[in-house]
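Everything on this sheet refers to the single structure shown next.
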Amino acid sequence: MGDICFQKEQEARIADWLSKVKFRRQIFGGVSQADVFKKIGELNDMYRDALIAERARYDALLAGKLSEHARLSKQATDLAEGSSAKEGDSE
């Protein structure tokens with residue numbers, strides 16, 4: 001649940017930034033190209049941080065699923081070996 005809250009927080013942070021971003025105006029040419037590139041860099045940093053956080057969450061979920069799969073596979077193997085031993089004893 002905390003992961004979802006963090007993800008929503010990241011999304012809200014980016015949305016808030018996008019709603020407030022302003023570009024420096026120039027007399028000729030509209031806006032300052034340097035300012036636009038600076039703002040794009042800031043946005044890129046926010047998306048990178050969000051992506052890193054999401055990757056960490058995904059890796060943790062994947063590790064949990066892999067360990068659960070390994071546990072269930074071992075349990076199934078143990079059960080299969082146990083029933084094979086019982087069949088061999090009855091012969």
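Read the figures in this text as sums done on the coordinates, not as results from a lab. Given the structure is predicted, the values throughout are model-derived calculations rather than measurements. Every residue, glycine as well, gets a Cβ built from its backbone with ideal geometry; the counts of neighbours run over all protein chains shown.
One table, with the values for the structure above:
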{"item": "Spin-label proximity, residue 15 to the stretch 24-50 - amide N less than 19 Å from point 7 Å beyond Cα toward beta carbon", "result": "43-44, 46-50"}
{"item": "Among 30, 72, 51 the positive-end extreme of the charge dipole of the stretch 5-91 (Cβ point charges)", "result": "30"}
{"item": "Reciprocal mean inverse distance between Cα atoms of the chain - Kirkwood radius, Å", "result": "18.0 Å"}
{"item": "GNM flexibility winner over the chain from 14, 27, 40 (Cα, springs under 10 Å)", "result": "27"}
{"item": "Check: the chain dipole with +1 on Lys, Arg Cβ and -1 on Asp, Glu Cβ, in debye", "result": "1100 debye"}
